[in-house]
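Okay, so here's the structure we're looking at.
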Amino acid sequence: MQLVRTFLSLIALIALVSFNSCKSNSNGSSYMVTGIIKHAENQKLLLQEVPYGGKPIITLDSVTIGKDGKYKFEFIAKQEGIYKLSNQNNVEIIFINDADNIQINADTENYLSYTSKGSESTTEIFNLLKEYRKKDSSLFATLYSLDVLQKQNGKDSTIFWLQKQKIAKLKDLNDYVENQVTTSNHPAVIYYTLGLGLRSMEGAKVLALAKAAAEKTKADPLVLFANILSRQVQANAPNTAIAVGQMAPEIALQDASGKIQTLSSLKGKYVLVDFWASWCGPCRAENPNVVNAYEKYKNKNFTILGVSLDDNKANWMEAIKADKLNWLQISDLKKWESVAVNAYQIDGIPFNVLLDPEGKIVATDLRGDALQNTLSTLLK
């Protein structure tokens, strides 16, 4: 998952975008942040801004927390953005300046105690992080135990159980992040949550979520986030055509209802990734053969993922119905600009890739009898 690289990519993304679609004032507006931080009396507390334009984090001000734990900051900002309160003793409190007066109370010995008043976005981030940290900590504990056992040549049964736990906990964490992205109405929170997603999700999945969020909110930071991440995903795509024996690149696109669907979610079955489009005559001519294969082998650990290179949703839906393509269908409606085109180095359709239950490519470009013969050999 290359967590370090994706985290650094997140920092780069944060540095490049501004919340032009959120509250903005060319002359700047005044904000005040107050509250009580327990178990940090007489410590220095910093007010910091996550900057835009590629610069490092900026320290705006500092105060000494009172004996009673109280603190107060006043600052000017031209736009809504991401800020944090921090010190050298592990205090790091993220907040959004979506209100003039924000109250943040915390206990340095218990992050679950963090509360905010006056800022809906900050409260949402606090609740997000409380649940995220619990899930992330549980996953880390499993990963640590698994690593120790593997280094010590532990029992295979225990290692197998921990591997299943790892997969389940990673899915639980990623499902939580996805749900927060799709249900939140605050662009800054969505943006921050997408950054968390980069730590554990495939870039293609985060990109799909970002694009969906950008379409829903029309917020500039999410549009730019999606555009920048799209370039990064494409830059990491293979420079040569995919080949038998390789692991298939992840695909994460929306289905007809707008829900993000992933190729990796189909692991455990043989999967035919079928690239097609409603406007493609040869594709439509081949569809009856694909339908026949699906009906013949769908109960033998086989399924199909249809990836459309359409750019018109109505035409896409009509073709699915007309050709009776009764399997999962996804598309970003970008035609040849689809991220899937670059990931799979597609230069023409129809085109397909057959994967084994682990996600490894076992055959490509199977048409007519070649498709039927290959499936009959694998799925006896």
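The values are calculated or read from the model by the stated rules, or taken from the named source; none is laboratory data. Every value quoted in this text rests on a predicted model; they were computed, and no experiment measured them. Cβ coordinates were reconstructed from backbone atoms using ideal geometry, including for glycine residues, and neighbour counts include every protein chain displayed. Surface areas here come from the heavy atoms of the whole protein model, side chains and all, with no ligands, DNA or RNA. Shrake-Rupley method; radii C 1.70, N 1.55, O 1.52, S 1.80 Å.
So for segment 19-33 (the condition being modelled with pLDDT of 90 or more, open to solvent by 30 Å² or more (accessible area, probe 1.4 Å) and at negative phi), does at least one residue qualify? Yes; the residues of segment 19-33 include at least one that is modelled with pLDDT of 90 or more, open to solvent by 30 Å² or more (accessible area, probe 1.4 Å) and at negative phi.
Looking at the structure I just gave you, is Thr59 among the hydroxyl-bearing types (Ser, Thr, Tyr), over 29 Å from the mean Cα position of the chain (by Cα), open to solvent by 40 Å² or more (accessible area, probe 1.4 Å) and at pLDDT below 95? Full working, then the answer.
Numbers: among the hydroxyl-bearing types (Ser, Thr, Tyr): yes; over 29 Å from the mean Cα position of the chain (by Cα): yes; open to solvent by 40 Å² or more (accessible area, probe 1.4 Å): yes; at pLDDT below 95: yes.
Yes; evaluated as a whole, the condition is true for this residue.
Just one of (1) modelled with pLDDT under 90; (2) at positive phi; (3) open to solvent by less than 80 Å² (accessible area, probe 1.4 Å) fails for Val50. It is (2). The set of residues in segment 322-341 that are within 19 Å of the chain's Cα centre (by Cα) and assigned to a helix (DSSP H, G or I) comprises Val339, Ala340.
Which residue is surrounded by the most Cβ atoms within 10 Å (Cβ to Cβ), if the candidates are limited to segment 117-145 and must be in contact (Cβ under 8 Å) with a residue 24 or more places away in the chain and among the hydroxyl-bearing types (Ser, Thr, Tyr)? Per the criteria, the residue is Thr122. A count restricted to segment 298-321 and to residues that are in contact (Cβ under 8 Å) with a residue 40 or more places away in the chain and either assigned to a loop (DSSP other than H, G, I, E, B) or in contact with a helix residue (DSSP H, G or I) (Cβ under 9 Å, 6 or more places away or on another chain) (or both) stands at 7. Condition check: free of Cβ contacts under 8 Å to residues at least 24 places away in the same chain and open to solvent by less than 60 Å² (accessible area, probe 1.4 Å). Does Ala208 satisfy that? Judged against the criteria, Ala208 is not a match.
Just the residues that are among the hydrophobic types (A, V, I, L, M, F, W, C), closer than 18 Å to Phe275 by Cβ and touching a helix residue (DSSP H, G or I) at 6+ places or on another chain (Cβ under 8 Å), please, taken from segment 356-380. Lay out the reasoning, then the answer.
As a first pass, look at segment 356-380 and keep what is among the hydrophobic types (A, V, I, L, M, F, W, C): 361-363, 366, 370-371, 375, 378-379.
From the residues that got through so far, the ones that are closer than 18 Å to Phe275 by Cβ too are 361-363, 366, 370-371, 375.
Once the filter is applied, which keeps residues that are among the hydrophobic types (A, V, I, L, M, F, W, C), closer than 18 Å to Phe275 by Cβ and touching a helix residue (DSSP H, G or I) at 6+ places or on another chain (Cβ under 8 Å), segment 356-380 yields Val362, Ala363, Leu366, Leu371, Leu375.
Among the residues making up segment 362-374, those that are surrounded by 15 or more Cβ atoms within 10 Å (Cβ to Cβ), outside any strand (DSSP E or B) and out of contact with any Ser or Thr (no Cβ under 6 Å at 6 or more places or on another chain) are Arg367, Leu371, Gln372, Thr374. I'd like to know if segment 93-107 contains one or more residues that are closer than 21 Å to Val181 by Cβ, open to solvent by 40 Å² or more (accessible area, probe 1.4 Å) and not polar (S, T, N, Q). Yes.
Just for segment 338-361: of the residues that are open to solvent by 30 Å² or more (accessible area, probe 1.4 Å) and in contact with a Ser or Thr (Cβ under 8 Å, 6 or more places away or on another chain), which one is farthest from Ala285 (Cα to Cα)? This residue is Gln345. Here Tyr191, Tyr144 are screened, and the one residue that is in contact with a Pro (Cβ under 6 Å, 6 or more places away or on another chain) and either modelled with pLDDT of 90 or more or in a helix (DSSP H, G or I) (or both) is Tyr191.
Condition first: more than 15 Å from the chain's Cα centre (by Cα) and within 17 Å of Ala252 (Cβ to Cβ). Now tell me which residues in segment 202-222 satisfy that. So that I can check it myself, show each step before the final result.
Restricting attention to segment 202-222, the residues satisfying the condition of being more than 15 Å from the chain's Cα centre (by Cα) are 215-221.
Hits for segment 202-222 are Glu215, Lys216.
Taking into account only those residues within segment 235-285 that are of a type in the set (D, E, K, R) and touching a Leu at 6+ places or on another chain (Cβ under 9 Å), which is least open to solvent (accessible area, probe 1.4 Å)?
Only one residue fits best here, namely Asp274.
Selection of segment 76-92 for residues being open to solvent by 20 Å² or more (accessible area, probe 1.4 Å) and touching a strand residue (DSSP E or B) at 6+ places or on another chain (Cβ under 6 Å) yields Ile76, Lys78, Gln79, Lys84, Asn87, Glu92.
Remark: Phe7 falls outside the filter, which requires a residue to be farther than 27 Å from Met201 by Cβ and either open to solvent by 90 Å² or more (accessible area, probe 1.4 Å) or at pLDDT 95 or above (or both).
Can you pull out the strands (runs of 3 or more DSSP E) entirely within segment 223-297 that have at least 1 residues that are closer than 21 Å to Val341 by Cβ, over 24 Å from the mean Cα position of the chain (by Cα) and at pLDDT 90 or above? First the steps, then the outcome.
Working: elements: 252-254, 260-262, 270-276.
Passing ranges, in order: 270-276.
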